[in-house]
Amino acid sequence: MGLLTGKTALIFGVANDHSIAWGIAQAFHREGATLGFSYAGEALLKRVRPLAESVGSPFVEPCDVTKDEDIIALFEKAKSAFGQIDILVHAVAFANRDELNGPYYNTSREGFRLALDVSCYSFTALTRAAVPLMKPGGALLTLSYYGAEKAVPNYNVMGVAKAALEASVRYLAADLGPHNVRVNAISAGPIRTLAAAGVSSFKALYGEFKNIAPLRRNVTIEDVGNAALYLCSDLANGVTGEVHYVDAGFNVIGLSAPEGKG
């Protein structure tokens, strides 16, 4: 019997088999969860459907998280398919590529609005729609990054969006705690995903990361999946409103020194 046997999880944000959301889905499947998937845009369906089938999920539905009518329709389908859900995973973020290079002050008004809408507000919108279906003891999870806390080159408006997202986690945790529903975030280290490719300096950041992080390695989607499993299982029944780092310890380092020098 797995940690999530008898539980149903709805996962937003799988784009391909390198997605962090896919690492989470695999961990949930391994521990017995029933899974449902939502994808953004028809172009992704051909990638997401085979992945869903590989974990025995027939629920693969589109949802544009910037449209309330799409969100309402998605959760009506989820209600018909599952009745209730135990877990919601929000792994959705977007900013125009032009906003992810050069100085942050060049962010356009429309670029700011779009990044905050897709990357932050969508978690609140999905939560609002999910609450009527959430069982007591349920869990909501979103994904953040260290750029929410510290300035990271070229992360720009996405860092601002992630900071707002982390604040949303705390407010949603306060709202939903009396209903025995927990809300947390994972702040993952850099991983080679489709989304990360949009950050102009990502390759350099990724390459240097393992030289600074205490564990001296990059993190994987499996690392994040296992942490998500903990946060969304009964093992974390007393944990809510937290940002949990899965970054090989990178966030604890204040200043790195060259190897062998002290």
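The values are calculated or read from the model by the stated rules, or taken from the named source; none is laboratory data. Treat the numbers as computed from the prediction; the structure is a model and nothing was measured. Cβ placement follows ideal geometry from the backbone for every residue including glycine, while neighbour counts extend to all protein chains displayed.
Determine which member of the set GLU42, GLU53 is at pLDDT below 95, more than 15 Å from VAL224 (Cβ to Cβ) and not small (Gly, Ala, Ser). Steps first, answer last, please.
Values: GLU53 fails: at pLDDT below 95.
Only one candidate qualifies: GLU42.
On inspection, VAL65 qualifies as closer than 25 Å to SER187 by Cα, assigned to a loop (DSSP other than H, G, I, E, B) and either at pLDDT 95 or above or of a type in the set (D, E, K, R) (or both).
Scanning segment 105-151 for residues that are in contact with a helix residue (DSSP H, G or I) (Cβ under 6 Å, 6 or more places away or on another chain), among the β-branched types (Val, Ile, Thr) and under 29 Å from ASN226 (Cβ atoms) yields THR124, THR127, THR142.
Hey, does segment 105-113 have a residue that's surrounded by 15 or more Cβ atoms within 10 Å (Cβ to Cβ), among the hydrophobic types (A, V, I, L, M, F, W, C) and either in contact (Cβ under 8 Å) with a residue 60 or more places away in the chain or within 23 Å of ILE186 (Cβ to Cβ) (or both)? No, that holds for no residue. Could you list, in sequence order, the residues of segment 65-83 that are touching a residue at least 24 places away in the same chain (Cβ under 8 Å) and surrounded by 15 or more Cβ atoms within 10 Å (Cβ to Cβ)? Matches in segment 65-83: VAL65, THR66, ILE71, LEU74, PHE75, ALA78, ALA81, PHE82.
In segment 13-42, the residues that are farther than 17 Å from VAL118 by Cβ and outside any loop (DSSP other than H, G, I, E, B) form Cβ pairs under 8 Å with partners that are at pLDDT 95 or above and among the basic types (Lys, Arg), at six or more places apart or across chains, as follows: THR34/LYS7. Considering segment 45-58, and only residues there that are of a type outside the set (Ser, Thr, Tyr) and buried (at least 16 other Cβ atoms within 10 Å of the Cβ), the residue that is farthest from VAL92 (Cα to Cα) turns out to be VAL55. Pairs under 6 Å by beta carbon, first residue free of Cβ contacts under 8 Å to residues at least 60 places away in the same chain and over 11 Å from LEU172 (Cα atoms) in segment 119-145, partner buried (at least 17 other Cβ atoms within 10 Å of the Cβ) and among the basic types (Lys, Arg), six or more apart or different chains? Once the first residue is free of Cβ contacts under 8 Å to residues at least 60 places away in the same chain and over 11 Å from LEU172 (Cα atoms) and sits in segment 119-145, its partners that are buried (at least 17 other Cβ atoms within 10 Å of the Cβ) and among the basic types (Lys, Arg) give TYR145/LYS162. Whenever a residue of segment 157-173 is more than 12 Å from LEU140 (Cβ to Cβ) and in contact (Cβ under 8 Å) with a residue 24 or more places away in the chain, its partners that are in a helix (DSSP H, G or I) and among the charged types (D, E, K, R), lying with C-beta atoms within less than 7 angstrom and at least six residues away or across chains, give the pairs VAL157/GLU99. Go through the residues of segment 119-130 one by one and say whether even a single one is more than 17 Å from the chain's Cα centre (by Cα) and of a type in the set (A, V, I, L, M, F, W, C). Looking for residues that are more than 17 Å from the chain's Cα centre (by Cα) and of a type in the set (A, V, I, L, M, F, W, C), one finds at least one in segment 119-130, hence yes.
If only residues of segment 175-219 that are over 15 Å from GLY249 (Cα atoms), basic (Lys, Arg) and not in a helix (DSSP H, G or I) are counted, the one that is modelled with the highest pLDDT is ARG182.
Can you tell which of LEU74, LEU88 is in a helix (DSSP H, G or I) and at pLDDT 95 or above? Lay out the reasoning, then the answer.
Numbers: LEU88 fails: in a helix (DSSP H, G or I).
Result: LEU74 is the single residue among LEU74, LEU88 that is in a helix (DSSP H, G or I) and at pLDDT 95 or above.
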